[in-house]
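Working notes, beginning with the structure itself.
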Amino acid sequence: MPSPSERAIIREVWADNLEQEMVLLRELIDYYPYLSMDTEFPGVVARPIGTFRTSADYQYQTLRCNVDLLKMIQLGVTFADEDGNVPKDTCTWQFNFKFSLDDDMYAPDAIELLAKSGINFQRHEEYGIDVHHFGELLVSSGFVLFEDVKWISFHGGYDFGYLLKILTCSPLPALEDDFFELLKTFFPCIYDIKFLMKSCKNLKGGLQELANDLEVVRIGPQHQAGSDSLLTCSAFFKMRQIFFDDIIDDSKYLGYLYGLGSAKNNSFLIKRNGVQFSSEAGNLLNKNSFKYSGLANKKTIDISAAPSGRGVVLATKKSSVPAFKPSKAINKVTLTKGVRKSARSVAGLTRSGYRADLRKVK
């Protein structure tokens, strides 16, 4: 259980108090337009296969297929003014969404980590917020679509991906350029701390390591969205003060997400003996991409129509046998009850290129 001080600073939002909290936050945004954000989601369950022009393209397609397949579990938002001052008493709201371990897809290691961090999945299933209702409230909240609202994240590609999915009630765009156009529409002003760190000498690692380097103290448990968003807020303003003289050059940093975006910031593929490698270490693509996608020791099913030579493979369970070729895996894997549920959830995504025949899996 969180301490009394943690409960005061970080307010829990469930289905029963969602609307009353959103009324309060719509008033708060006028005075505290800097929103630091973090999400918790059920891991990564799929990898794209095929040939990708840049490592950023590969990363986006990985993000896209996983965001399309999975559900957000938590969203944490911390409010601050332009000087980093936060509201008195409560400054962070942690939104808890409906999620079922029986019906929804997830990566077991991610769920285990979140459970150890204190997330109560039974409570999420019974009292969680409906994401569609939240999306309706978010559109009219004043948090999005306005240039004077600044959104701050740490390595925020997946965070914004899940929010865009909720806001549009649609799968993410197939092309990364279209994703960024959509992102700019709903979130005109975003800063990604991980991207800012590239210009800061001696800063490296994840959010907690950054906070340690900046001597920023965490409030609340790690790997919960509220605590992580509050730490993101504190780290951003401390880093801005120390490394940027309190002024961020928007021409260099506004609108960028670490690991995604312009090809000039990412490595191009290199052809060697008919096999395509990325100059980014460990990123082997094309005909060997399945082996090196992180799924080689798991049974998989191919869930994509692959209209342009690309595909998506879905991990089902660990296996000690050699990995199947993605194109043949659907015929060789014995689908468990859990996998059948996972496959059925893909049915609504066929307009984005996923296999229509999975609707027949029962």
**Message:** Quick check on region 4-263: of the DSSP beta bridges with both residues there, what percent are antiparallel, nearest 5%?
**Reply:** 50 percent
**Asked** Once amide H atoms are built 1.01 Å from N in the peptide plane, which residues 5 or more positions from C189, or in another chain, come under 5 Å H to H?
**Response** W151
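Under 8 Å for C-alpha pairs, at least 6 residues apart: give me the relative contact order for region 4-263, rounded to a whole percent.
27 percent
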**Asked** What number, in nm² with one decimal, is the all-direction average of the projected area of the convex hull of the alpha-carbon atoms of region 143-214?
**Response** 5.7 nm²
**Prompt:** Which loop GluC sites (Glu not before Pro) in region 1-100, with loop taken from DSSP, have no more than 13 other Cβ atoms within 10 angstrom of their Cβ?
**Reply:** E82
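To make sure I understand, if each residue's beta carbon is the centre and we count other beta carbons within 10 Å, what order do S55, S227, S251 fall in, fewest to most?
Working: S55 21, S227 25, S251 6.
Ascending number of Cβ neighbours within 10 Å: S251, S55, S227.
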**Fill in**
Taking a ≥ b ≥ c as the square roots of the eigenvalues of the Cα gyration tensor, with a/c under 1.5 meaning rounded and otherwise prolate when a/b exceeds b/c and oblate if not, region 22-66 is prolate
**Message:** Please state the shape class of region 14-106: rounded when a/c is under 1.5, otherwise prolate if a/b exceeds b/c and oblate if not, all from the C-alpha gyration tensor.
**Reply:** oblate
**Prompt:** Amide H neighbours of F99 under 5 Å, counting only residues 5+ apart in sequence or on other chains, H built in-plane at 1.01 Å?
**Reply:** E125, G128
**Gyration tensor (alpha-carbon) shape descriptor, region 4-263, a/c threshold 1.5** = rounded
**Request:** Quick one: which residues, 5 or more positions from I49 or on another chain, have an amide H under 5 Å from its amide H? H modelled 1.01 Å from N in the peptide plane, none for Pro or chain starts.
**Result:** G311, V312, V313
**Fill in**
So, with points 7 Å from each Cα along the Cβ direction, the D249-E19 label distance in nm works out to 4.9 nm
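The numbers here are math on the coordinates, done by the rules we state, and not lab data. No experiment lies behind these values; they were computed from the predicted model shown. All Cβ positions, glycine included, derive from the backbone under ideal geometry; neighbour counts span all protein chains shown.
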